[in-house]
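Written out below as C-alpha cells is the structure these notes cover.
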Amino acid sequence: QVQLVESGGGLVQAGGSLRLSCAASGRAFSSHVMAWFRQAPGKEREFVAAINWSGDIAYYADSVKGRFTISRDNAKNAVYLQMNSLKPPDTAVYYCAAADRTRITTMTYNYDYWGQGTQVTVSS
C-alpha cells in the first residue's frame, strides 16, 4: 500500500516556475514507477511525466518536454516536478501517481495509487 500527498501548487504568472512535491508512505515506494498527471476543467486526466524506480529514466509528454523535470529521492520517499516557463494551458489539478511495475507507463489505468491533487493556476 502506498499513500501519496501532493503539495506546492499555487497561482503563478506565465513564464514563472513552481515545484510540486509528492510525499509517499509505504515500504514499497522505491520499487514503483512514479508519475505526474494533470486534469483541467472539462478535460480528461492526461499524462505529464514519469520516472522509473531508480530515477535514471524519465519520460515526458510532448507538451511539457524541455520545461518540466521529474525527479525522485527514494531515501525521502518523495517525487518532484519542477515546472519552468509555465503557460496558461498548464493550468490544471496535478496528481501524483504510483505504479507497481518496473517499466514506465503513460496510461492512467496502469497506476495503482493516486494522491488527492494540487491546483496549479497560470495567469496570462
### Task
Take segment 59-72 and flag every residue that is open to solvent by 50 Å² or more (accessible area, probe 1.4 Å), within 23 Å of Q3 (Cα to Cα) and not polar (S, T, N, Q).
Y59
### Task
Assess whether R67 counts as being more than 20 Å from Q119 (Cβ to Cβ), at pLDDT 95 or above and out of contact with any His (no Cβ under 6 Å at 6 or more places or on another chain).
no
### Query
When you go through T108, T121 one by one, which is the residue that is over 13 Å from A35 (Cβ atoms) and open to solvent by 40 Å² or more (accessible area, probe 1.4 Å)?
T121
### Query
From the list A92, A50, A75, which residue is of a type in the set (A, V, I, L, M) and modelled with pLDDT under 95?
A75
### Task
Enumerate the strands (runs of 3 or more DSSP E) found wholly within segment 66-124, keeping only those where 3 or more residues are more than 20 Å from A28 (Cα to Cα) and β-branched (V, I, T).
118-123
## Note on the structure
Residue hits (segment 39-58; in contact (Cβ under 8 Å) with a residue 24 or more places away in the chain, open to solvent by less than 60 Å² (accessible area, probe 1.4 Å) and part of a loop (DSSP other than H, G, I, E, B)) are A40, N52
### Task
Please determine, by comparing only the residues of segment 2-34 that are in contact with a Lys or Arg (Cβ under 9 Å, 6 or more places away or on another chain) and more than 19 Å from S54 (Cα to Cα), which one is surrounded by the most Cβ atoms within 10 Å (Cβ to Cβ).
G8
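The values are calculated or read from the model by the stated rules, or taken from the named source; none is laboratory data. The structure displayed is predicted, hence computed values, not measured ones. Neighbour counts are summed over all protein chains in view; Cβ atoms, including those assigned to glycine, are modelled from backbone coordinates with ideal geometry. We work out accessible area using only protein heavy atoms, side chains counted, and drop any ligands, DNA or RNA first. Shrake-Rupley method; radii C 1.70, N 1.55, O 1.52, S 1.80 Å.
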